[in-house]
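Peer 1: First the structure, which I've put down as C-alpha cells, then a few questions once you've had a look.
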Amino acid sequence: MDGLTTQHNLFQPTFGNRPDLFIGRDGEVEQFMAGLNEPIGSRNRCMFFLGQRGMGKTALLLELSDRAAKAGYVVARVTAHEGMPTSIIEQIQLNGYEYFNDEKRHLTGVNAGVLGFSFGLTFSDVTEKQFGFRAKMSLLCDRLAEKGKGVLILIDEVRTSAAMREVAASYQELVGDRKNIAIGMARLPHAVSELLNDSVLTFLNRAVKVKIGTISPF
Ligand SMILES: Nc1ncnc2c1ncn2[C@@H]1O[C@H](COP(=O)(O)OP(=O)(O)OP(=O)(O)O)[C@@H](O)[C@H]1O
Ligand SMILES: [Mg+2]
C-alpha cells in the first residue's frame, strides 16, 4: 500500500489502528522530538495534542512512540483509564527489558539485586507490594538512566480522573527530582464533563499545547 491509498481511511474514527504508512505531521513530530532534547524539566518535554475526532491523534502518538524509542527512550503508551498507573509501570518494565537481558537473574532475597529490584526492571517483592506509582517510576528512571535511557509516557484520550491526577502529580515530582522523563498526551479539544480548577487541568494548562489539524494535501 502506498501513501495515496491510505487516504481513503484518513480522518475516519477507528480504534486507533496504526496506519500502513504514516504521512505528514513533520512539524508536530519534529517539535516533539526537539522537546525531548531539551533539558530535564523543560516545558517542551510535556506536550498536549488537541484534535477533533479522527484527526490522527492516536496515529501521531504511535509514531512518536517509535521515534522516541529510536532516540533512546523507553516508552509507555496508554489510553487513559483507572488502571493507567499500573499499565505505565508494566509497559516500562516490558519495553525496557531488552536493556537488561544480559544480566543474570538473581534469586530474590534480602540482599539480591539492585535497590528495589530483584533483577533487571523487575521489582523486589517488598517494592512491588509496598511502593506506589511515584516511587516505582523513580526507581525505573534511575535504573534506565544507568543504561543511558530516558522514560516517555504517552497518554491517549486524557481526562481528569484519580488515575490522571496521580500520574500528573508524580510526573511533576519526578521532574523536580531531575529524572529524565517526558510526557505526551492527546485529547479532543473540548472534552466535556470536567470540573474546572481540577489539578489535572492545571497540569494540562502548563503543557505545551499543539493543535492537530487536517493533513495538508501534498
Ligand atoms: N499521519 C497519518 N498518516 C496516515 N494515516 C493516518 C495519519 N493520521 C491518522 N491516520 C489514519 O486516520 C484514521 C484516524 O486516525 P486516528 O485514529 O489516529 O484519529 P484520532 O484523532 O485518534 O481519532 P479519535 O478522536 O476518534 O480517537 C486512522 O485510520 C489512522 O490510521
Ligand atoms: Mg484516537
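The values are calculated or read from the model by the stated rules, or taken from the named source; none is laboratory data. This is a predicted model, so every value here is computed, not measured. Cβ atoms come from the backbone with ideal geometry, glycine included; neighbour counts cover every protein chain shown.
Peer 1: Filter segment 172-207 down to residues that are aliphatic (A, V, I, L, M), at pLDDT 95 or above and surrounded by fewer than 19 Cβ atoms within 10 Å (Cβ to Cβ), then give me how many there are.
Peer 2: Total satisfying the criteria: 1.
Peer 1: Going by the conditions given, is A59 of a type in the set (G, A, S) and away from ligand 1 (no atom under 16 Å from the Cβ)?
Peer 2: Against the criterion (of a type in the set (G, A, S) and away from ligand 1 (no atom under 16 Å from the Cβ)), A59 does not qualify.
Peer 1: Where in segment 43-159 are there helices (runs of 4 or more DSSP H), lying wholly inside it, with at least 1 residues that are away from ligand 2 (no atom under 16 Å from the Cβ) and surrounded by 21 or more Cβ atoms within 10 Å (Cβ to Cβ)?
Peer 2: Result: 57-70, 84-96, 133-145.
Peer 1: Under 7 Å between Cβ atoms, at least 6 apart or on separate chains: pull out the pairs that start in segment 14-38 with a residue that is within 16 Å of ligand 2 (Cβ to nearest atom) and of a type outside the set (D, E, K, R) and end on any residue that is modelled with pLDDT of 90 or more and in a helix (DSSP H, G or I).
Peer 2: From residues that are within 16 Å of ligand 2 (Cβ to nearest atom) and of a type outside the set (D, E, K, R), the pairs are G16/T58; P19/A59; F22/A59; F22/E63.
Peer 1: So is L152 within 18 Å of the chain's Cα centre (by Cα) and more than 16 Å from ligand 1 (Cβ to nearest atom) or not?
Peer 2: The answer is yes for L152.
Peer 1: Here's a follow-up. State all residues of segment 15-52 that are charged (D, E, K, R) and touching a helix residue (DSSP H, G or I) at 6+ places or on another chain (Cβ under 9 Å); if no residue qualifies, say none.
Peer 2: Passing the criteria: R18, D20, R25, E28, E38, R43, R45.
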